[in-house]
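Just so you know, all these numbers are worked out from the coordinates, no wet-lab data involved. All values derive from a computational prediction rather than experimental measurement. Every residue, glycine among them, receives a Cβ derived from its backbone with ideal geometry; neighbour counts consider all protein chains shown.
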Amino acid sequence: MRRPGSSTRASPRATPTSEALRTRDGHRVSYALAGAADGVPVVVLHGGPGSGSKADDTRFFDLTRFRIVLIDQRGTGRSTPRGAVRRNRTDTLIEDIEAVRARLGIERWGVLGGSWGAALALAYAGRHPQAVTGVVMRGLFLTSAREVRGLFVVSRKRAPRAWAKLCAAARCTRAAGLLARCHARLQRGGASDTQQQALALAWRRYENAVLGSASARRKRVPARDSRKESRALVGKYRIQSHYLMHRCWLGESRLLSLARRAATAGVPLAAVHGSRDPVCPPGNLRRLARAVPSAHVECVRAGHLASDPALRERVAHALATMFSPRTHEGRSLRRAA
């Protein structure tokens, strides 16, 4: 592979092109390529769990300088079987990331992860530091029971009506049992197709309401309640509840231990977090900084979503700073207090 920065550079690919990897255990993992074929390689890990990759994530990058790989994690996006939870856990996702890297012939690459993708990025870097040139995170999720409780119990104050409708769709009468009820009903055979679709739509509306609560100018997100969209949401939240019920097979202590292992091996870590993030507490940034003092962390006035202009700008800056040849010029990432 031609080294980044060489004089001859292919035209960048603005629209991602999809390819797929078949695993030995029956999954088909889809991934997409964008940017310059001889650019700095970076793999993008999406959130959720269960959300699937988004072509918009390429907007973080200068497509003339980066080679971007967007992976749809098992059961998400274009990966099949859609919504499958069998043989779907964090360690298999890490194996898939390594398999895609090997398929593409990339010796080492950078990692960008947002929300759950940030946790997966740390776990991957901790397991395979020799394959990682650096990690940039947005809206860090530490996979703790505290965060899960925050989403399903504490955040009901942010969106009481949407939360009540989610409880009704899950047939749940106890706040502490909401996630378990959602999980049970979304698994295959847990409820009828119609009931699962209603539950998935209610979950999305609650999620959107919580995310919208971080903005002073709340935008109403129009719901696309087509049957196809509803079925896709069932797959998304089936996987998400599957992972959250198991704390993503990580938990905060183990995840931070993997972050320390990556840093000790020489992998630079950078995290950008919104001060108004209603899903992943800004305190997660301080926890990372305490566990890994060498990590560069920055808190910006923003919410959780990558579409927030302030967050997007600082994540793009972190990527350019970490992976550009002039990596040490004008570094402005701040350490958390």
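In table form, for the structure just shown:
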| item | result |
| --- | --- |
| Test: residue in the range 69-88 that is in contact (Cβ under 8 Å) with a residue 24 or more places away in the chain, charged (D, E, K, R) and either in a strand (DSSP E or B) or closer than 24 Å to H304 by Cβ (or both) | yes |
| Helices (runs of 4 or more DSSP H) within the range 122-187 that include 3 or more residues in contact with a Ser or Thr (Cβ under 8 Å, 6 or more places away or on another chain) | 178-186 |
| Matching residues, the range 22-47, being in contact (Cβ under 8 Å) with a residue 12 or more places away in the chain, surrounded by fewer than 19 Cβ atoms within 10 Å (Cβ to Cβ) and not in a strand (DSSP E or B) | T23, D25, G26, A37, D38 |
| Test: residue in the range 255-264 that is of a type in the set (S, T, Y), under 29 Å from R181 (Cβ atoms) and in a helix (DSSP H, G or I) | no |
| Odd one out for G134 among (1) more than 19 Å from the chain's Cα centre (by Cα); (2) touching a residue at least 60 places away in the same chain (Cβ under 8 Å); (3) under 21 Å from A263 (Cα atoms) | (1) |
| Residue in the range 136-165 that is nearest to V42 (Cα to Cα), counting only those that are crowded, with 18+ Cβ neighbours inside 10 Å and of a type in the set (G, A, S) | G139 |
| Hits in the range 226-254 - residues which are more than 19 Å from R149 (Cβ to Cβ), free of Cβ contacts under 8 Å to residues at least 60 places away in the same chain and either charged (D, E, K, R) or part of a helix (DSSP H, G or I) (or both) | R227, K228, E229, S230, R231, L233 |
